[in-house]
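Engineer: Handing you a structure now.
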Amino acid sequence: MNSTTASQKKYTDIMIDIETLDIRPTAVILSIAAIAFNRSNENYRIAPFDVKIDNLDQADSYHRTIDSGTESWWDQQPDEAKDAAFNGQITLRHALHKLTFFIRENTNIDTVRVWAKSPSFDLAILKNALDYFKYNTPWQFRNERDVRTYIADSQEVQELKRNDVEHIAVSDAIYQTTQVITEYKLRNK
């Protein structure tokens, strides 16, 4: 594959969403989803990254934390969201390795904009976990973007309807990607 073809396949943006058992950077991570996209194009050409993580040994093996308030919050969520979050099969280390590969394979890690709602939650927790395993963060800190800030002044984007269950990482990532693409289109009419 020549370099022109390789660069054409690279996406400019990644949306990340995670589900956890705490709000601190050391939280047990239940699931990770990522969408590779370009803000100017609403057609994703690759499948979303979506992993469910075995949470049973994270606290003991990896010193990840669990908050009783977050556990209570999960008790109030729909069964579909709980089923998606609590049926993980792969280890945290393997999930982070796969996420890093997904980002490196589909983007230019020096320039990719990495979106989350909010980076101080999702990305901070991921960076803490990556650091624990001595993995390099597969994006530049200066390229982190906040979905909430980007869409804050857009009533039209705020009112976009959802047809799926919230708090399923891949569903949230897809919805947030739609919000960013819609806002980009509105700004660039």
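The values are calculated or read from the model by the stated rules, or taken from the named source; none is laboratory data. Here the structure is a predicted model, which means the values were calculated and not measured. All Cβ positions, glycine included, derive from the backbone under ideal geometry; neighbour counts span all protein chains shown. Heavy atoms of the whole protein, side chains included, go into the accessibility calculation; ligands, DNA and RNA do not. Shrake-Rupley method; radii C 1.70, N 1.55, O 1.52, S 1.80 Å.
Engineer: With just the Cα atoms of the stretch 59-102, tell me how far they stretch along each of the three principal axes, in Å, largest first.
Structural biologist: 34, 24, 15
Engineer: Rank by packing, highest mean first: peptides 134-147, 48-61, with packing defined as the count of other Cβ atoms within 10 Å averaged across residues.
Structural biologist: On the way: 134-147: 15.4, 48-61: 17.8.
In decreasing order of mean packing, 134-147, 48-61 become 48-61, 134-147.
Engineer: Quick one: Kirkwood hydrodynamic radius for the chain, alpha-carbon pairs, angstrom, one decimal?
Structural biologist: By the Kirkwood definition, the hydrodynamic radius is 17.0 Å.
Engineer: Quickly work out the Lys189-to-Asn87 label distance, labels modelled 7 Å from Cα along the C-beta direction, and quote it in nm with one decimal.
Structural biologist: 4.3
Engineer: Run the quick spin-label model on Gln155 and Ile46: label points 7 Å from Cα toward the beta carbon, then report their separation in nm to one decimal.
Structural biologist: My value for the distance between the label points is 3.9 nm.
Engineer: Separate question: Sequence-distant or interchain residues sharing an amide H contact under 5 Å with Asn108, placed H: which?
Structural biologist: Under 5 Å from the amide H of Asn108 lie the amide H atoms of Tyr11, each far enough along the sequence or on another chain.
Engineer: Let me confirm the definition first: pairs of Lys residues in the stretch 1-138, 8 or more apart or on different chains, C-alpha distance under 20 Å. How many are there?
Structural biologist: Summing the qualifying lysine pairs gives 10.
Engineer: Okay, moving on. Only sites in a loop by DSSP and with at most 14 other Cβ atoms within 10 Å count here; which GluC sites (Glu not before Pro) in the stretch 31-130 make the cut? All intermediate terms of the calculation are to be shown ahead of the outcome.
Structural biologist: Numbers: sites: Glu42, Glu71, Glu80, Glu105; in loops: Glu42.
Here the sparse-neighbourhood loop sites are Glu42.
Engineer: How much accessible surface does Arg148 have with a 1.4 Å probe, in Å² rounded to 10?
Structural biologist: Accessible area, nearest 10 Å²: 130 Å².
Engineer: Follow-up question, since we're still on this one. Would you tally the net charge around Thr182, using a Cβ to Cβ cut-off of less than 11 Å, leaving Thr182 out, and scoring K and R as +1, D and E as -1?
Structural biologist: Surrounding charge for Thr182 is -1.
Engineer: So what's the net charge close to Phe121: Lys and Arg +1, Asp and Glu -1, counting the other residues with Cβ under 14 Å from its Cβ? If you can, show how the numbers build up before the last one.
Structural biologist: Working: positive: Arg24, Lys117, Lys127, Arg145, Arg148; negative: Asp17, Glu19, Asp22, Asp67, Asp122, Glu144, Asp146, Asp172.
Every neighbour counted, the sum reads -3.
Engineer: Tabulate in residue order the Karplus-calculated ³J(HN,Hα) for the stretch 157-166, using 6.51 cos²θ - 1.76 cosθ + 1.60 with θ = phi - 60°, rounded to whole Hz; enter x for Gly and Pro.
Structural biologist: 6, 4, 8, 4, 7, 10, 10, 9, 8, 6
Engineer: Within 13 Å, Cβ to Cβ, of Ile32, how many net charges do the neighbouring residues add up to if Lys/Arg are +1 and Asp/Glu are -1? Write out the running numbers ahead of the final one.
Structural biologist: Working: positive: Lys52, Arg93, Lys98, Lys127; negative: Asp17, Glu19, Asp50, Asp54, Asp122, Asp172.
Value of the local net charge: -2.
Engineer: Using only Cα atoms and rounding to the nearest 10 degrees, what angle (0 to 90) does helix 122-132 make with the longest principal axis of the chain?
Structural biologist: Approximately 60 degrees, to the nearest 10.
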